Structures are given as structure tokens and as C-alpha cells.
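What follows is a single structure, written as C-alpha cells, with notes after it.
Laboratory data are not the source of any read-out in this text; all were calculated from the coordinates shown. Bear in mind the structure is a predicted one, so any value in this text is a computation, not a measurement. Positions of Cβ are generated from backbone atoms using ideal geometry, with glycine treated the same way; all protein chains shown enter the neighbour counts.
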Amino acid sequence: MASIAIEGVRKSFGNVPVLHGVDLDVRDGEFIVLVGPSGCGKSTLLRMIAGLEDVSDGTIRIGDRAVNDLAPKDRDIAMVFQSYALYPHMNVANNMSYSLRLRKTAKEKIGQAVEAAAGKLGLETLLARRPKALSGGQRQRVAMGRAIVRQPKAFLFDEPLSNLDARLREQMRAEIKRMHGDLGATSIYVTHDQIEAMTLADRIVAMHGGVVQQVGSPLDLYDRPANLFVAGFIGSPA
Ligand code: ADP
Ligand code: MG
């Protein structure tokens, strides 16, 4: 696993600025939850860390390496989206092993990695199924399995549970928490859901207006919100 450092990162689309200089240190093994109103740049920040979007200014480091110029596949980061983005023509096992096959990993090693991930996520009996034969929760598990098989340095989650019903969300929340405990994986997790933020986060990062408004433990933000925006999100009177 690895730390992630975001240093003075700015982003504009054309001449429209979205991020005005974001600084954030994510410790090795830490679970960061990123919250903020729709359109404030959460997905853009994750996409820049993953290398799917250029940085307009500033530096992103993974471990001690600046990655601004590295292609996504060389950053060793896994991203889990809200739309499961599974390959419809591949069964569960092949969906999970795709990134390993792409990297020409030995067949035996691929088999072991898929088996281990399937075991962690309760997918053992579903490996031969196509995505269309799975429930929403099962698909989201496969998406997570796909992320964990190659033991990346960090996980980026972009509202991964927002398409699921409340009961499944709760179940998957517990699973993600357990997975994080097991793997000790450095994670940045974007959500709208206060309960997810409060239960999953080592630290919460509240973003608004293109800048970070506050970083702290769930209790810090609850007890001492820096401003009305943070207070409104956490739901405690300022
Ligand atoms: P969030 O995930 O917090 O809802 P986004 O990162 O998706 O916000 O978007 C931040 C802002 O950047 C929005 O105003 C959005 O319209 C704009 N934006 C995102 N991607 C692009 C793009 N590829 N081209 C132009 N504008 C974009
Ligand atoms: Mg988004």
C-alpha cells in the first residue's frame, strides 16, 4: 500500500476552474471519505489521481513518486465506480481477472488471486455467471473483486453504493469496512451518505467551492465543524 499526496492541485475545463488548489495527505492504510455537494469536483479529483484526467497545476504523489506523467495502468491504483462497468460478455471470473491478464500475469497466479478475492466477497459460486445474471449487489461485489485481485497500492471509490437499496447498502458498507480491515488498503471514498462517511472514515474531507473546507475525524467534524457547510453535512448545529 502507499500514501497519496495531493499538492496544490488545480483543475480547469477550458477556462472554467473546478478545483482551486487542493492539498491533502492520505496516509498509508488510511480510509479517507470525501464529501461535498454535487459538481464540486470530487469525481474529477479521483479521476486525476487515477490518471484518467490531466492535472492543470500541482502535483500528485503515490508513495514517494510524482505520478502526473504516468499512464493510468502504471499508477497501480484501482477505481470502483457507481455504475459497475463490468464487461457484459465475460463471466465473473474473467471480469475479475481482466486486469491481471492484461498485465500478462502467470495463469496459476491469476487463478489464486481470483479465488482469494471471490472468497473474501462471497462470490465463489458465481464465477461462471455473466453480469446480466447477477443482482445489483452481486455486481457491485464483482466490481470490488476486480479491484482487489491485483492488490493495488490504493483504492478510489466513487459513490459505489448509491445505486443499491438501503439494505444492500448497509451490507456492502460492512463488507467494505471488513475488506479495509483485512487489506489495510489506502482508500479514498466519495459518498453523499452521511452514515457511510461517519462509519467508514478514518478522516473525512469536506470539499466545497473547489477547495477543501475541513479535514478531520468524523467526531472532529461533528463536534467542531469549521463552517456552516460542514455543519450542514454532518447535521450537528454549528
Ligand atoms: P462531483 O463528482 O463532485 O459531483 P465532478 O467532478 O463530476 O463533480 O464535476 C465538477 C465540475 O466539473 C462540474 O461542474 C462538471 O460539470 C465539470 N466537469 C466534469 N468533467 C468535465 C469535462 N470532462 N468537461 C467539462 N466539464 C467537466
Ligand atoms: Mg461525482
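Here are the numbers for this structure:
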{"quantity": "Residues (among the polar types (S, T, N, Q) and in contact (Cβ under 8 Å) with a residue 60 or more places away in the chain) located in the range 39-65", "calculated": "Ser43"}
{"quantity": "Single match in Val92, Val80 (criterion: of a type in the set (A, V, I, L, M), within 30 Å of Gly36 (Cβ to Cβ) and surrounded by 19 or more Cβ atoms within 10 Å (Cβ to Cβ))", "calculated": "Val80"}
{"quantity": "Of all residues in the range 186-230 being in a loop (DSSP other than H, G, I, E, B) and either within 16 Å of ligand 1 (Cβ to nearest atom) or surrounded by 22 or more Cβ atoms within 10 Å (Cβ to Cβ) (or both), the one that is nearest to the chain's Cα centre (by Cα)", "calculated": "Thr191"}
{"quantity": "Residues that are free of Cβ contacts under 8 Å to residues at least 60 places away in the same chain and touching a Leu at 6+ places or on another chain (Cβ under 7 Å), drawn from the range 141-165", "calculated": "Arg141, Val142, Gly145, Val149"}
